[in-house]
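Accompanying notes for the structure given below.
The values are calculated or read from the model by the stated rules, or taken from the named source; none is laboratory data. Note that the coordinates shown come from a computational prediction; the quantities given were computed from them, not determined experimentally. FYI the Cβ positions are ideal-geometry reconstructions off the backbone, even for glycines, and counts take in every protein chain you see. For accessibility, only protein heavy atoms count, side chains too; no ligands or nucleic acids. Shrake-Rupley method; radii C 1.70, N 1.55, O 1.52, S 1.80 Å.
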Amino acid sequence: MSRPEAPLRFEYGIHPAQFGELTLPAGDVRAVAVVVHGGFWRQAYGLELGRPLAADLADAGLAAWNIEYRRVPVPADSTGSADGDSGGWPRTFDDVAAAVDALAGPVQDAVGGRLPMERVVAVGHSAGGHLATWLAARSGLPAGAPGAGPLVELRGVVSQAGVLDLVDAAERRVGSGAVQALLGGDPSDVPDRYSLASPIARLPIGAPVVCVHGTADVNVPIRQSERFVAAAGDAAELVTLPGVDHMALIDPSSAAWRACRDALERLLKD
């Protein structure tokens, strides 16, 4: 089998974190997969986590758009009092929205129109699962909200152990206060931000969501996926992986990743 092309870097803004890497298959492009890395929205983690997944997806005929975005400094206090032009509310959300919209403009132009824009899906791990699912809900955001008015709409999402109920995650201090650092406070402090940012609060999403989650995950409890799927009804699916931990989902050699890739293929069926 021919190997994918080397990743192409595209900037969607002037901040050093506003860029993405596009990995194209060697042949025809069947679909586009937006890859959103996790790491509890913190600067300690970057899109290098998504590179092995992008290569594997490109090997299967998908164009993989692995995106970077502004993240919360480490350490960050529980109020999310980040200085300067770092991530958090609303910058992280503005960035991932702009990164996806760039597919329809400069990225598509640069690759000669090879990208089938009607077949764009997303896969995100942990905090990236939150962002990927939020991206699919953009068309339902009120005018003027971060991410409203998408140029690119997602056909579906695979959330890999995603943080999908931000209120519940904040109350249980998932990620040692990572949600509070992202949004700038507790749910009682900034309820409007939680309403706009939490995928469970944005139901109906407007696109199918497959939640893949391991029962041995101690980083993001499977409760997060269970609550979202219960609330979403037929618009979401839960794939439970017995005995699987948090990081197995982004290991391309694992059965856990194959379950995620299979879910993407189901979303792409005509």
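Is there a residue in the range 171-182 that is farther than 20 Å from TYR45 by Cα and either more than 17 Å from the chain's Cα centre (by Cα) or buried (at least 24 other Cβ atoms within 10 Å of the Cβ) (or both)? Yes, because at least one residue in the range 171-182 is farther than 20 Å from TYR45 by Cα and either more than 17 Å from the chain's Cα centre (by Cα) or buried (at least 24 other Cβ atoms within 10 Å of the Cβ) (or both). Counting only residues that are among the small types (Gly, Ala, Ser), without any contact (Cβ under 8 Å) to a residue 12 or more places away in the chain and either open to solvent by 70 Å² or more (accessible area, probe 1.4 Å) or assigned to a helix (DSSP H, G or I) (or both), the range 215-254 holds 3 of them. Quick one: is GLU118 free of Cβ contacts under 8 Å to residues at least 40 places away in the same chain, under 19 Å from the mean Cα position of the chain (by Cα) and open to solvent by 50 Å² or more (accessible area, probe 1.4 Å)? Taking the combined requirement at face value, the residue satisfies it.
Residue-wise test of (1) closer than 16 Å to ALA97 by Cα; (2) surrounded by 15 or more Cβ atoms within 10 Å (Cβ to Cβ); (3) polar (S, T, N, Q); (4) at pLDDT 95 or above.
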{"site": "SER2", "(1), (2), (3), (4)": "no, no, yes, no"}
{"site": "ARG9", "(1), (2), (3), (4)": "no, no, no, yes"}
{"site": "ILE14", "(1), (2), (3), (4)": "yes, no, no, yes"}
{"site": "ALA17", "(1), (2), (3), (4)": "yes, yes, no, yes"}
{"site": "THR23", "(1), (2), (3), (4)": "no, yes, yes, yes"}
{"site": "VAL29", "(1), (2), (3), (4)": "no, yes, no, yes"}
{"site": "VAL36", "(1), (2), (3), (4)": "yes, yes, no, yes"}
{"site": "PHE40", "(1), (2), (3), (4)": "no, yes, no, yes"}
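You will find that of ASP101, ASP56, ASP85, ASP95, the residue that is touching a residue at least 40 places away in the same chain (Cβ under 8 Å), touching a Phe, Trp or Tyr at 6+ places or on another chain (Cβ under 9 Å), within 18 Å of GLY184 (Cα to Cα) and not hydrophobic (A, V, I, L, M, F, W, C) is ASP95 and no other. Of the candidates ARG202, ARG173, the single residue that is in contact with a Leu (Cβ under 8 Å, 6 or more places away or on another chain), more than 27 Å from LEU57 (Cα to Cα) and of a type in the set (Lys, Arg) is ARG202.
Scanning the range 88-105 for residues that are open to solvent by 10 Å² or more (accessible area, probe 1.4 Å) and in a loop (DSSP other than H, G, I, E, B), we see that the one that is nearest to ARG155 (Cα to Cα) is GLY105.
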